[in-house]
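**Q** Input: one structure, supplied below.
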Amino acid sequence: MRRWRKIVSGLAVVGVASGVSMAAALRYESACPPAAAPVTGTATMKALHQRCYGGPELLAIRDAAMPEVADDAVLVRVHAAAVNPLDWHFMRGKPYVMRFDSGFGAPKDVRVGVDFAGTVAAIGKSVTRFTLGERVFGAANGALAEYVAVRESQPIVTIPESVSFAEAAAAPVAGMTALQALRDKAKVTRGQKVLVNGASGGVGTYAVQIARALGAEVTGVCSTRNVELVRSLGADHVVDYTRENFTEGNVRYDVIIDNVGTHTVSDYRRVMTPTGVLVVVGSLDDGAFLGPVKTMVKAKAAGLFGSQRIELFLSTASAEDLGVLRDLMQQGKVRSAIDRTYPLAEAADAIAYLETGRARGKVIVDLTK
Ligand SMILES: NC(=O)c1ccc[n+]([C@@H]2O[C@H](COP(=O)([O-])OP(=O)(O)OC[C@H]3O[C@@H](n4cnc5c(N)ncnc54)[C@H](OP(=O)(O)O)[C@@H]3O)[C@@H](O)[C@H]2O)c1
């Protein structure tokens, strides 16, 4: 018995010690290393780089080597890029748990940005879907640069004629997130009542429109200054959260898309139909270690019982879904709500603005300025 006690306490000590060292490793931030200059004689471009974790003041525009174009890839001259919360999460390396992927101490990849729109500037040998000069948009790492290389298998499609570079650049991450959350996770059908909590942000502005396009009756939740914006996107009802708490109301929703995690699962359950679905997309939780992951784990645990479905959601990059989004934009069923546009020299300010959590729709970086 005493022996077992010793083994168990030994294991506990080892467990606590490894937890403490893992936490220290995750929190550790190395000093910003000097920027590596591109090899003399190679073609260069301007690009936004992050060499260490921290605030937007650590981001800098650098001369970087032009991306290499693989046989199955195209080179895109970026005209406009959009920023997403994932950009400031990667910039800060927070929540720390993401550093298992982004790198311990400093980011493994110095490139910044994902959403882009531009023209095809070069084509790999085996590419068949694109031609030189074609207007395209999509999602690929390193979009906040004059050029980005994108494989044909990645999300990249042509831009409808009626859509500008800025409007196209705004759409990929936020639009695909909204589409997949509504169509694949919530399985929205015509006539259902859908509530979008956080309706005026990047994901929310697309979610309101896509839910409408799927035939739902849509309620958007936002603050007073964004009520008109959300209504203009087609919401049937708008709840101003500064005046009214929808979780205390009498309406029962078939689907709640939650971008902000401002209520508990039991509050949401109260205003969901017996077979309702809550899709947890994002959260304002800025806890250092877990951040939004904590909201998701808590929601999943709370959703283990009962007839209502609680779905955690992570969007996936999909060329097919970007095509669906492109078609919705072409048909005029979805448009990009653009808040502000910054020149490349001020791209760090665009990320800083998004990080305030007060953006109305999408924030764009114009690479032609
Ligand atoms: N799961 C995934 O795959 C996935 C993919 C993309 C994004 N996300 C996450 O989804 C979340 C939303 O992303 P986003 O791009 O829409 O962010 P965003 O553009 O930064 O969202 C800003 C919006 O949040 C609204 N907001 C702030 N506090 C609110 C509150 N208490 N109630 C309702 N709305 C509130 C603001 O409206 P007001 O100014 O009116 O308050 C603002 O319009 C983020 O947490 C992001 O990390 C997840």
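Just so it is clear, none of the values below were taken in a lab; they were calculated from the coordinates. Because the structure is a prediction, the values reported are computed rather than measured. Cβ coordinates were reconstructed from backbone atoms using ideal geometry, including for glycine residues, and neighbour counts include every protein chain displayed.
**Q** Could you calculate the FRET efficiency of residue 40 with residue 72 from 1/(1 + (r/R0)^6), where r is the beta carbon distance between them and R0 is 25 Å, rounded to 0.05? Show your work: numbers first, answer last.
**A** Values: r = 30 Å, r/R0 = 1.18.
Approximately 0.25, to the nearest 0.05.
**Q** Using only DSSP helix segments of four residues or longer, with each worth -39500 (n - 2.57), what per-residue ellipticity at 222 nm results for the chain after dividing by its residue count and rounding to 500? Write out the running numbers ahead of the final one.
**A** On the way: 11 runs with 108 residues, N = 369.
Roughly -8500 deg cm²/dmol at 222 nm, from the helical runs in the chain.
**Q** How much net charge surrounds residue 45 when only other residues with a Cβ under 12 Å from its Cβ are counted (Lys, Arg +1; Asp, Glu -1)?
**A** Working: positive: 46, 62, 77, 111; negative: 63, 146.
Here the count lands on +2.
**Q** Could you grab the relative contact order for region 261-369? Cα pairs under 8 Å, six or more apart, rounded to a whole percent. Before the final figure, lay out the partial values.
**A** On the way: 113 pairs, mean separation 22.3, N = 109.
After rounding, I find 20 percent.
**Q** Show me the three semi-axes of the equivalent ellipsoid for the chain, from the C-alpha gyration tensor (sqrt of 5 times each eigenvalue), largest first, rounded to whole Å.
**A** Numbers: eigenvalues 231, 197, 66 Å².
Listed largest to smallest, the semi-axes of the chain are 34, 31, 18 Å.
**Q** Say we join alpha carbon atoms closer than 10 Å with springs in a Gaussian network model of the chain; which of 348, 31, 82 then has the biggest fluctuation?
**A** Largest GNM mean-square fluctuation: 31.
**Q** Next question. Residues with beta-carbon under 9 Å from that of residue 143, excluding residue 143: net charge, scoring Lys, Arg +1 and Asp, Glu -1? Please list the in-between numbers first.
**A** Details: positive: 111; negative: 115.
For residues surrounding residue 143, the net value is 0.
**Q** Nearest-5 percent of antiparallel DSSP beta bridges in the chain?
**A** On the way: 33 of 61 bridges.
Bridges in the chain that DSSP calls antiparallel: roughly 55 percent.
**Q** Taking 8 Å as the Cα distance limit and 6 or more residues as the minimum spacing, I'd like the relative contact order of region 174-312 as a percentage. Don't jump to the answer; show the numbers that get you there.
**A** On the way: 285 pairs, mean separation 28.7, N = 139.
Answer for region 174-312 is 21 percent.
**Q** Right, another one. Using alpha-carbon pairs under 8 Å, 6+ residues apart, how would you state the relative contact order of region 105-164 in percent?
**A** It rounds to 33 percent for region 105-164.
**Q** How about residue 46: which lysines have a C-alpha closer than 17 Å to its C-alpha, ignoring those fewer than 8 places off in the same chain?
**A** 369
**Q** Which cysteines in the chain lack any other cysteine whose Cβ sits under 4.7 Å from their own Cβ?
**A** So far as the 4.7 Å Cβ criterion goes, 222 stand without a partner in the chain.
**Q** A further question follows. Which of the helices in the chain meet the span-like rule: DSSP H, Cα axial reach of 27 Å or more, Kyte-Doolittle mean at least 0.0?
**A** Values: long enough: 2-27 (37 Å, 0.68).
Taking the DSSP H segments of the chain (at least 27 Å long, mean hydropathy at least 0.0), we get 2-27.
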